[in-house]
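Here is the structure we will look at.
The values are calculated or read from the model by the stated rules, or taken from the named source; none is laboratory data. Predicted model only: the values in this text are computed from it and were never measured. Reconstructed Cβ throughout: ideal geometry from the backbone, glycine too, with neighbour counts over all protein chains shown. With ligands, DNA and RNA removed, areas are computed over all heavy atoms of the protein, side chains included. Shrake-Rupley method; radii C 1.70, N 1.55, O 1.52, S 1.80 Å.
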Amino acid sequence: MKQFMNSKESLVTEAIDGLVRASGGALARLDGYPHIRVVTRADWDRSRDGGKVALVSGGGSGHEPSHAGFVGKGMLTAAVCGDVFASPSVDAVLAGILAVTGKAGCLLIVKNYTGDRLNFGLAAERARAFGLKVAMVIVDDDIALPDLPQARGVAGTLFVHKVAGALAEQGASLETVAAAAQAVITGTISIGMSLDTCTVPGSPKEDRIGTGKAELGLGIHGEAGVEQVDFSGARAAMSMVVDRLLPHAGSADHVALLNNLGSTTPLEMSVLAEELARSALGGRIKWIIGPAALMTSLDMHGFSVSLLPVTSEQVEALAAPVSPPSWPGLASFAEVGVRPLPDGLTPIQPEPSSHPQRRVLLAQCCNALISAEAALNALDAKSGDGDTGSTLAGASRALLARLDKLPLADPTQLYRAIGMELAQTMGGSSGVLLAIFFAAAGDASASGKNWIGALSAGLDRVMQVGGAKPGDRTMIDALAPALAALPNGVKAAATAARAGAEATAKMTRAKAGRASYLGADKLAGHNDPGAEGVARMFEDLAS
């Protein structure tokens, strides 16, 4: 699999240098490459700042922004980075401790994996031999595999970073900071779900999760989860995650941390946030951190939810300001705020009226476009973003739902009503142009033109406003000849529309629409999707 890296061997060091270089002077690294990779606060001086407890965390790379992305005032003092999914060495951890620990001591925050426990633990012993005060806490928040003798540490680790960081910044003692960290660990629970495994640099991708499946409870290193489940959408996915969390969650107010495991899009993460609010746990969640990429697993297409029942002191610590830009902050998990539409935007609703023949005609046009959705999307994917079919089908479904509320008996008002409906329900440039088309048709009908003349006037207005004309490789290449042939009947119009659509496959230069951004090699040999949609609609009417 292609990845933006130069080599497996240099990946981590180059990534650290990029992070430090782009930090605006907030971060620095120790001079220990290639084996010692430690990111520190650039403003920290252990002799000057040693009156405050230093916080050190880390582990294998591949979980970014964890942990180096959370180095900064109010969170970590240093992060120790291993190879991808591999614990850093004892010397690397010791270097981090020695670099930042002053008289107040140091707290190590360690995820519960054997390599991390051993390397951080031995480094702590060696640091104590130097006379330093060092405490260590182990994060074990994963509830996915209850039969494991020791639960894994996952995204709930970020709660610990934040609460401990706030107290350390206030000047609390090592004992106080460690006790607060342990209290957070005791209360935190986490579980994740993914649609795919991650891609470890330099290794073949493991296709463990089958088509139509998701894996519940998998680890942040791609370890197998508790089970593979049928995937049917965001709501069911969140429901399964919540069902696992519920037995461990009390009735107190909770903070949720909604974590992107790597390649889940922001759009998907926002849907998951909404589903979390609607879930059986939604009423207990008063605050949220995220949705954001916080503790990732390279490019894993998944998410995790961490919950912490909180005291007022913990809420204050979680809300305290910090300098790392990767931290999204604490927000209230509130009701959706809704404001009324501005005056003048809400359209005047037409008086519904009946006309059986026009109702059948409109329904047939809509159903033709709905049935062509997948084919038009596939065509659009060759020259655009693959959504023409969905755009037309979505508008058609909305129009079908409104048929009984349209002024079917009044052609002028019907054209205008269709235009208003498309302006509201159909996105992209197609929605605007078709809204203009029907609005202009309504105006022409009001001035006395028959239905063919009205539709032709609509086409003229679209060409005037949109700038496209026949030969520009748009839907107009099918619509214009169809309307010209319509006086000879629907079959003649369908034949003309099909010829116009097929002609677009030979047009290697689009002059309008998104296809105009593409070269001839991307356009040749396949029809414009808008023109194809027009042709299919007329062919359905003619059949």
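What to note about this one:
- Evaluation of residue 85 against (1) over 22 Å from residue 150 (Cβ atoms); (2) open to solvent by 10 Å² or more (accessible area, probe 1.4 Å); (3) within 32 Å of the chain's Cα centre (by Cα); (4) touching a residue at least 40 places away in the same chain (Cβ under 8 Å) (one fails), failing number: (1)
- Sub-8 Å Cβ pairs linking a first residue in the range 179-207 that is of a type in the set (S, T, N, Q) to a second residue that is part of a helix (DSSP H, G or I), at least 6 apart or interchain, are 188/159; 188/160, ordered by first then second residue.
- Extreme residue, farthest from residue 67 (Cα to Cα), among residues of the range 116-134 that are open to solvent by 30 Å² or more (accessible area, probe 1.4 Å) and under 38 Å from the mean Cα position of the chain (by Cα): 118
- When residues in the range 11-57 are screened for being surrounded by fewer than 18 Cβ atoms within 10 Å (Cβ to Cβ), more than 16 Å from residue 84 (Cα to Cα) and of a type in the set (S, T, N, Q), 1 of them pass.
- All of 435, 368, 440, 401 fail the test of being aliphatic (A, V, I, L, M) and either touching a strand residue (DSSP E or B) at 6+ places or on another chain (Cβ under 9 Å) or open to solvent by 30 Å² or more (accessible area, probe 1.4 Å) (or both), apart from 401.
- Filter result (within 23 Å of residue 532 (Cβ to Cβ), in contact (Cβ under 8 Å) with a residue 40 or more places away in the chain and open to solvent by less than 30 Å² (accessible area, probe 1.4 Å)) within the range 446-475: 458, 468, 472, 473, 474
- Selection status of residue 129, touching a strand residue (DSSP E or B) at 6+ places or on another chain (Cβ under 6 Å) and either within 23 Å of residue 62 (Cα to Cα) or among the hydrophobic types (A, V, I, L, M, F, W, C) (or both): no
- Of all residues making up the range 62-73, the number that are surrounded by fewer than 24 Cβ atoms within 10 Å (Cβ to Cβ) and in contact with a helix residue (DSSP H, G or I) (Cβ under 8 Å, 6 or more places away or on another chain): 3
- Any hit, the range 90-112, residues being among the basic types (Lys, Arg) and over 35 Å from the mean Cα position of the chain (by Cα): yes
- Residue pairs meeting the criteria (Cβ under 9 Å; at least 6 apart or on separate chains; first within 24 Å of residue 188 (Cα to Cα) and assigned to a helix (DSSP H, G or I), in the range 111-129; second open to solvent by less than 90 Å² (accessible area, probe 1.4 Å) and among the charged types (D, E, K, R)): 117/111
- Conditions (1) outside any helix (DSSP H, G or I); (2) open to solvent by 10 Å² or more (accessible area, probe 1.4 Å); (3) modelled with pLDDT of 95 or more: number failed by residue 145: (3)
- All helices (runs of 4 or more DSSP H) inside the range 153-266 with 3 or more residues being under 27 Å from the mean Cα position of the chain (by Cα), over 30 Å from residue 78 (Cβ atoms) and at pLDDT 95 or above: 234-245
- Scanning the range 40-80 for residues that are in contact with a Gly (Cβ under 9 Å, 6 or more places away or on another chain) and of a type in the set (A, V, I, L, M) gives 42, 53, 54, 55, 56, 68, 75, 76, 78, 79, 80.
- Each residue in the range 167-202 was checked for being surrounded by 18 or more Cβ atoms within 10 Å (Cβ to Cβ) and of a type in the set (D, E, K, R), and 2 of them qualify.
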